[in-house]
Amino acid sequence: QVQLVESGGGLVQAGGSLRLSCAASGRAFSNYAMGWFRQAPGKEREFVAAISRSVISTYYADSVKGRFTISRDNAKNTVYLQMNSLKPEDTAVYYCAAGRGRLAVARDYDYWGQGTQVTVSS
């Protein structure tokens, strides 16, 4: 089993920045692709960003491309999401996930964190 714990969420004004962290337990962290998803009230969970495990590749939703950056540090078993130029539309609960399937598909991920709230005010 893999345990994931997100941190770094909070309240920020539009145009500001936040960095989310996701700490994973176990030595198998490097065997998994890692993704970030978010869910706002009344909306389905949506893909935000993902990073592969071997050949390093990153993927972003169109809504965050150019503003968010995903990275990972396998030595620390941690994945990050740097969020810049935040907009009120980014307000949601952000979830970290680990999996080996389709990177942008929530159901293909095997392990999920509890989520961290990000609120962007105008």
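The values are calculated or read from the model by the stated rules, or taken from the named source; none is laboratory data. Everything quoted here is computed from the prediction, not taken from an experiment. Glycine also receives a Cβ, built like all others from the backbone with ideal geometry; neighbour counts cover every protein chain displayed. We work out accessible area using only protein heavy atoms, side chains counted, and drop any ligands, DNA or RNA first. Shrake-Rupley method; radii C 1.70, N 1.55, O 1.52, S 1.80 Å.
Kindly indicate the residue of region 34-83 that is among the small types (Gly, Ala, Ser) and out of contact with any strand residue (DSSP E or B) (no Cβ under 6 Å at 6 or more places or on another chain) and also modelled with the lowest pLDDT among those meeting that condition. Please lay out each step first, then the result.
Taking region 34-83 and keeping what is among the small types (Gly, Ala, Ser), we get 35, 40, 42, 49-50, 52, 54, 57, 61, 63, 66, 71, 75.
From the residues that got through so far, the ones that are out of contact with any strand residue (DSSP E or B) (no Cβ under 6 Å at 6 or more places or on another chain) too are 42, 54, 57, 63, 66, 75.
Values: GLY42: 94, SER54: 73, SER57: 91, SER63: 97, GLY66: 98, ALA75: 87.
Checking each candidate, the answer is SER54.
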Give the residues of region 1-19 that are open to solvent by 70 Å² or more (accessible area, probe 1.4 Å) and over 23 Å from ASN84 (Cα atoms), sorted by residue number. GLN1, GLN3
Sole miss for LEU18 among (1) within 20 Å of TYR111 (Cα to Cα); (2) hydrophobic (A, V, I, L, M, F, W, C); (3) within 14 Å of the chain's Cα centre (by Cα) is condition (1)
So if I check each of VAL105, VAL64, which one is in contact (Cβ under 8 Å) with a residue 40 or more places away in the chain and either aliphatic (A, V, I, L, M) or in contact with a helix residue (DSSP H, G or I) (Cβ under 6 Å, 6 or more places away or on another chain) (or both)? VAL105
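Looking at this structure, is LEU81 within 24 Å of ALA14 (Cα to Cα) and in contact with a Leu (Cβ under 6 Å, 6 or more places away or on another chain)? I'd like the intermediate steps shown before the answer.
Details: within 24 Å of ALA14 (Cα to Cα): yes; in contact with a Leu (Cβ under 6 Å, 6 or more places away or on another chain): yes.
Answer is yes for this residue.
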Name the strands (runs of 3 or more DSSP E) wholly within region 20-122 that hold at least 1 residues that are out of contact with any Phe, Trp or Tyr (no Cβ under 8 Å at 6 or more places or on another chain), open to solvent by 30 Å² or more (accessible area, probe 1.4 Å) and small (Gly, Ala, Ser)? 116-121
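Based on this model, can you work out whether ARG72 counts as free of Cβ contacts under 8 Å to residues at least 24 places away in the same chain and over 30 Å from SER122 (Cβ atoms)?
Details: free of Cβ contacts under 8 Å to residues at least 24 places away in the same chain: no; over 30 Å from SER122 (Cβ atoms): yes.
Here the answer is no, as ARG72 does not meet what is asked.
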